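Trainee: I am attaching a structure below and will ask some questions about it afterwards.
The values are calculated or read from the model by the stated rules, or taken from the named source; none is laboratory data. Fair warning: this is a prediction, and the values are worked out from it, not measured in the lab. Backbone-built Cβ (ideal geometry, glycine too); neighbour counts: all protein chains shown.
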Amino acid sequence: MAQPTLVSNGRHDGRAADALRPIRFENGIAPHAAGSTLIHWGNTRVICAVSIDDVVPRWMKEQSVPGGWLTAEYSMLPYSTVDRKARDISKGRLDGRSSEIQRLIGRALRASIDLTKLGQRTLWIDCDVLQADGGTRTAAITGAWVALNLALKKLQSLGKLPQWPIVEQVTAVSVGIVEGRPLLDLCYVEDAGAAVDMNLVMTATGKYIELQGSGEESTFSREELESLLALGRTGIDQLVELQNAVL
Ligand code: UDP
């Protein structure tokens, strides 16, 4: 099979440098979860589901920390990648990359919520990649925020939530420099060819929650960083509208 390549503007699919891939949400994909969505982000697809446990972690009880907790798990299904990815359970250990990504998702979502308004409960955010084509962590965060809102709306409709706990709208997008050009929202082929690769986790009001940026056998200047941040912000603004539309 021929290797996929980048077209002349550095993009795999001919998109404009500042264009996102087509994104849509399929809410209610996991009916037993309190809230769920399947986020379709180009050819990346991630199931995001929220389950609610009416207990808090033992450390919170021991330290008398008020309110609730939110934690996340991330995994790639074996058939989400071109070559089958063995399940962590069959290897007997959690993959380092998955561990890093699930901690990122947890931090991102905890920044969106006032945990003291949650009551004594734990929210489990499960993000399972159905199809991977770059940007699975940013899709997971963006979808998880939608699933979180659906779960909390359900809790509220049952009269179990005296105060609405969401304080920030959270979304995430990737940017990078490919063939010398800053690009928004890299697919796998673009990501693999990127000299600089960055993930932005931001609020709807333009505040940063996390920036993960690195030169891949390369360096980047302050000016390039600023152009990537500006490009990322245009993506975040569009994602905020898409999240609002589906809620
Ligand atoms: N990927 C893969 N197998 C892996 C890890 C990654 O096929 O074990 C691919 C997948 O398409 C993923 C992309 O490489 O989306 C980029 O991976 P990265 O670690 O940068 O995370 P992501 O961009 O998905 O957040």
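Trainee: So if I check each of 46, 56, which one is more than 16 Å from the ligand (Cβ to nearest atom) and not polar (S, T, N, Q)?
Mentor: Residue meeting the stated conditions: 56.
Trainee: If we scan segment 157-169, do we find a residue that is away from the ligand (no atom under 16 Å from the Cβ), assigned to a helix (DSSP H, G or I) and closer than 27 Å to residue 117 by Cβ?
Mentor: Among the residues of segment 157-169, at least one is away from the ligand (no atom under 16 Å from the Cβ), assigned to a helix (DSSP H, G or I) and closer than 27 Å to residue 117 by Cβ, which makes the answer yes.
Trainee: Follow-up question, since we're still on this one. Tell me which of these residue 245 doesn't satisfy, since it passes every other one: (1) of a type in the set (A, V, I, L, M); (2) within 16 Å of the ligand (Cβ to nearest atom); (3) over 19 Å from residue 111 (Cα atoms); (4) free of Cβ contacts under 8 Å to residues at least 24 places away in the same chain.
Mentor: Status for residue 245: all satisfied but (2).
Trainee: Here is a further query. Kindly indicate which of 172, 194, 151 is more than 10 Å from the ligand (Cβ to nearest atom) and crowded, with 17+ Cβ neighbours inside 10 Å.
Mentor: 151
Trainee: Among the residues of segment 217-245, write down those that are under 17 Å from residue 23 (Cα atoms) and of a type in the set (Lys, Arg).
Mentor: 233
Trainee: Which numbered condition in (1) away from the ligand (no atom under 14 Å from the Cβ); (2) over 30 Å from residue 230 (Cβ atoms); (3) modelled with pLDDT of 95 or more is the only one that residue 62 fails?
Mentor: Status for residue 62: all satisfied but (3).
Trainee: Of the numbered conditions (1) of a type outside the set (Ser, Thr, Tyr); (2) surrounded by 22 or more Cβ atoms within 10 Å (Cβ to Cβ); (3) in contact (Cβ under 8 Å) with a residue 40 or more places away in the chain; (4) closer than 23 Å to residue 41 by Cα, residue 118 satisfies every one except a single condition; which is it?
Mentor: If we test residue 118 against (1) of a type outside the set (Ser, Thr, Tyr); (2) surrounded by 22 or more Cβ atoms within 10 Å (Cβ to Cβ); (3) in contact (Cβ under 8 Å) with a residue 40 or more places away in the chain; (4) closer than 23 Å to residue 41 by Cα, just (4) comes out false.
Trainee: Can you pull out every residue in segment 197-216 that is within 20 Å of residue 19 (Cβ to Cβ) and within 14 Å of the ligand (Cβ to nearest atom)?
Mentor: Residues satisfying the conditions are 197, 198, 199, 200.
Trainee: May I ask you to list the residues in segment 154-165 that are farther than 24 Å from residue 236 by Cβ and crowded, with 18+ Cβ neighbours inside 10 Å?
Mentor: The answer is 155, and nothing else.
Trainee: Okay, moving on. Would you check which residues across segment 235-247 are loosely packed, with under 15 Cβ neighbours inside 10 Å and polar (S, T, N, Q) and list them?
Mentor: 244
Trainee: When the residues of segment 189-221 are filtered to those that are charged (D, E, K, R) and out of contact with any Gly (no Cβ under 8 Å at 6 or more places or on another chain), which remaining residue is farthest from residue 167 (Cα to Cα)?
Mentor: 217
Trainee: Residue by residue through segment 206-227, note down the ones that are surrounded by 15 or more Cβ atoms within 10 Å (Cβ to Cβ) and more than 19 Å from residue 136 (Cα to Cα).
Mentor: Answer for segment 206-227, where residues must be surrounded by 15 or more Cβ atoms within 10 Å (Cβ to Cβ) and more than 19 Å from residue 136 (Cα to Cα): 220, 224, 225, 227.
Trainee: Can you name every residue in segment 66-95 that is within 18 Å of residue 131 (Cα to Cα) and among the basic types (Lys, Arg)?
Mentor: Within segment 66-95, 84, 85, 87 meet the criteria.
Trainee: I want to confirm something. Restricting to segment 125-146 and keeping residues that are under 16 Å from residue 104 (Cβ atoms) and more than 10 Å from the ligand (Cβ to nearest atom), which single residue is surrounded by the fewest Cβ atoms within 10 Å (Cβ to Cβ)?
Mentor: In this case the residue turns out to be 128.
Trainee: Within the set of pairs 6+ apart or on separate chains, which have a first residue in segment 130-142 that is in contact (Cβ under 8 Å) with a residue 24 or more places away in the chain, a second that is assigned to a helix (DSSP H, G or I) and within 6 Å of the ligand (Cβ to nearest atom), and C-beta atoms under 7 Å apart?
Mentor: That search, which allows pairs on different chains as well, returns 133/188; 134/188; 134/191.
Trainee: Say we look at segment 103-124 and pick out the residues that are out of contact with any helix residue (DSSP H, G or I) (no Cβ under 9 Å at 6 or more places or on another chain) and either part of a helix (DSSP H, G or I) or under 9 Å from residue 74 (Cα atoms) (or both); which of these is nearest to the ligand (Cβ to nearest atom)?
Mentor: Checking each candidate, the answer is 103.
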